[in-house]
Amino acid sequence: MIENFEFGYTPANLKALRQSHGLTQQNVADITESTLKTAQKWETSPSMSSFANMPHTKWLKLLEYLKNK
């Protein structure tokens, strides 16, 4: 697990961050004002056809939420 999540989004970073804060994928979707299906795609391996990159603005929104939690 990485220590500084501000290094950026990767599917593994998102999953580790989410799990370390006890969040579900639905929580991430709600925080970032996205759908559950989209949040699930952000954690999918880039080699999978269902993979989608998490927009930088959504990553920052999640980090800001966790910072103020």
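The values are calculated or read from the model by the stated rules, or taken from the named source; none is laboratory data. Keep in mind it's a predicted model, so treat the numbers as computed, not measured. We place every Cβ from the backbone using ideal geometry, glycine too, and count neighbours over all the protein chains shown. Side chains are part of the model used for accessible areas, which takes the heavy atoms of the whole protein and leaves out ligands, DNA and RNA. Shrake-Rupley method; radii C 1.70, N 1.55, O 1.52, S 1.80 Å.
Percent of accessible area on the chain owned by carbon and sulfur, 1.4 Å probe?
Working: 2340 of 4490 Å².
Of all accessible area on the chain, carbon and sulfur atoms account for 52 percent.
What distance in nm lies between label points placed 7 Å from Cα along the C-beta direction at F7 and L60?
2.1
Let me have the 222 nm mean residue ellipticity of the chain computed from DSSP H runs of 4+ only, each contributing -39500 (n - 2.57), with the sum over all residues rounded to the nearest 500.
Helices in the chain give a 222 nm mean residue ellipticity of -15500 deg cm²/dmol.
Report S49's accessible area, 1.4 Å probe, all protein chains in place, as a number in Å² to the nearest 10.
Roll a 1.4 Å probe over it and S49 shows about 130 Å².
Measure nothing but the geometry: give the 0 to 90° angle between the long axis through the Cα atoms of 56-68 and the longest principal axis through the Cα atoms of the chain, rounded to 10°.
It is inclined by approximately 30 degrees.
Looking at the chain, how many pairs of lysines come closer than 19 Å at the Cα, when each pair is eight or more places apart or spans two chains?
Lysine pairs meeting the criterion: 13.
Give the residue list of chymotrypsin sites (Phe, Trp or Tyr not before Pro) in the chain that are DSSP loop and have at most 14 other beta-carbon atoms within 10 angstrom.
Values: sites: F5, F7, Y9, W42, F51, W59, Y65; in loops: Y9, F51.
Answer in residue order: F51.
Can you give the translational diffusion coefficient of the chain in µm²/s, computed by Stokes-Einstein from the Kirkwood radius over Cα pairs at 20 °C and 1.002 mPa s? All intermediate terms of the calculation are to be shown ahead of the outcome.
Numbers: Rh = 11.9 Å.
This corresponds to a translational diffusion coefficient of 180 µm²/s.
Less than 15 Å Cβ to Cβ from A52, Lys/Arg counted +1 and Asp/Glu -1: what total charge do the surrounding residues give? Show your work: numbers first, answer last.
Working: positive: K15, K37, K41, K58; negative: E43.
Result for the neighbourhood of A52: +3.
Around H21, with a cut-off of 12 angstrom between Cβ atoms, what is the net charge of the other residues, counting Lys and Arg +1 and Asp and Glu -1?
Neighbourhood net charge equals +4.
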